[in-house]
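S.K.: Structure below; questions to follow.
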Amino acid sequence: MSLASYIGCNIEIALSDENSDDIIIIGDCFADVHNFKNVKNYQFTTPYVYEVSSHWGIKISEYTTPEICAESKKKLIRLCEIMDSYLEKGDFFELYSCWVGEEADNRDGELVVQMNNFNIDQIEIPEKMLVRFEK
């Protein structure tokens, strides 16, 4: 199984160049049309949904290995930098990570975070947690 991370937002954003070596890639990786439909219908409140990845999703949890947790923190910081260039003050994006095929499952929780004002070392984002990043 693969851990996929998705973002939902109210605006269209550009997909990453297929030759990008950025730590965050916005575009298809693990998900198929069915996965996108389920995550959009069951998790997000926004009209636009994208998969974000670098061959593994974002998961920051005490149950995650230190290596994956450190990489996920770098990915999350980079994702917020990317989204900061798209969003206006008062807007938001949502982040949801789950195992591929579990997009329609019940969430384990929700969290609201100020996009430019959170401590990366104090945030916990396990799978099936919907996180709303507000600008």
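S.K.: 222 nm [θ] for the chain, helices only, -39500 (n - 2.57) per DSSP H run of 4+, per residue, to 500? Walk me through the numbers on the way to the answer.
M.R.: On the way: 2 runs with 29 residues, N = 135.
Calculated mean residue ellipticity at 222 nm is -7000 deg cm²/dmol.
S.K.: Name the most mobile residue of Leu76, Leu15, Leu95, meaning the one with the largest mean-square fluctuation, in a Gaussian network model of the chain with Cα contacts below 10 Å.
M.R.: Looking only at Leu76, Leu15, Leu95, the biggest GNM fluctuation is shown by Leu15.
S.K.: In addition: If amide H atoms are built 1.01 Å from N in the plane of the peptide, which residues on other chains or at least 5 residues away come under 5 Å of the amide H of Ile25?
M.R.: When sequence neighbours closer than 5 places are left aside, the close amide H contacts are Ser53, Ser54.
S.K.: On to the next question. May I ask you to order 101-108, 6-13 by the average number of other C-beta atoms within 10 Å around their residues, highest value first?
M.R.: Values: 101-108: 14.6, 6-13: 18.0.
Ranked from most to least packed, the peptides come out as 6-13, 101-108.
S.K.: By the scheme Lys and Arg +1, Asp and Glu -1, what is the net charge of all other residues having a beta-carbon under 11 Å from that of Ile11?
M.R.: Net charge around Ile11: -3.
S.K.: Here is a follow-up. Using just the alpha carbons, could you tell me how many Å³ per residue the convex hull of region 3-134 encloses?
M.R.: That works out to 100 Å³ per residue.
S.K.: Run the numbers for Trp99 and Asp28: contour at 0.36 nm per residue of separation, minus the present Cα-Cα distance, in nm.
M.R.: Extra length from Trp99 to Asp28 when fully extended: 24.1 nm.
S.K.: Any chance you could run the full-extension gain for Gln122 through Tyr63? It's 0.36 nm times the residue separation minus the Cα-Cα distance, nm to one decimal.
M.R.: 19.8 nm
S.K.: Going 7 Å from the Cα of Arg107 toward and past its Cβ, which residues in region 66-96 have a backbone nitrogen under 13 Å from where you end up?
M.R.: Hits in region 66-96 for Arg107 at 13 Å: 93-96.
S.K.: Quick one: how many lysine pairs does the chain have with C-alpha atoms less than 22 Å apart and a gap of 8 or more or different chains? Give me the count, please.
M.R.: Lysine pairs, 8 or more places apart or on different chains, close enough: 18.
S.K.: For region 13-24, in order, what is each residue's ³J(HN,Hα) by Karplus, 6.51 cos²θ - 1.76 cosθ + 1.60 with θ = phi - 60°, in whole Hz (x at glycine and Pro)?
M.R.: Coupling constants for region 13-24: 10, 6, 6, 5, 4, 5, 9, 5, 10, 4, 5, 10 Hz.
S.K.: Roughly what % antiparallel, to the nearest 5, for the DSSP beta bridges in region 87-135?
M.R.: Around 40 percent of the beta bridges assigned by DSSP in region 87-135 are antiparallel ones.
S.K.: How charged is the neighbourhood of Arg78? Take every other residue with its Cβ under 13 Å from the Cβ of Arg78, and add Lys/Arg as +1 and Asp/Glu as -1.
M.R.: For residues surrounding Arg78, the net value is -2.
S.K.: Mind listing the phi-derived Karplus ³J(HN,Hα) values for region 95-102, rounded to whole Hz, using 6.51, -1.76 and 1.60 with θ = phi - 60°, and x for any glycine or proline?
M.R.: 10, 9, 10, 7, 6, 3, x, 9
S.K.: Run through the DSSP bridge list for the chain and note the antiparallel percent, rounded to the nearest 5.
M.R.: Within the chain, antiparallel bridges account for around 75 percent of the total.
S.K.: Ranking Met83, Met115 by Cβ neighbours within 10 Å, fewest first, what do you get?
M.R.: Listed from fewest to most nearby Cβ atoms, that is Met115, Met83.
S.K.: Further question on the same structure: Mark the label point 7 Å from the Cα of Asp21 along Cα→Cβ and return the residues of region 34-67 whose backbone N is within less than 19 Å of it.
M.R.: Once the point is set 7 Å along Cα→Cβ of Asp21, 53-56 turn out to lie under 19 Å by backbone N, inside region 34-67.
Read-outs throughout are calculated quantities, based only on the coordinates presented, and are distinct from any laboratory measurement. On a predicted model such as this, the values are computed, not experimentally measured, just so you know. Cβ sites come from the backbone with ideal geometry, for glycine too, and all protein chains shown count toward neighbours.
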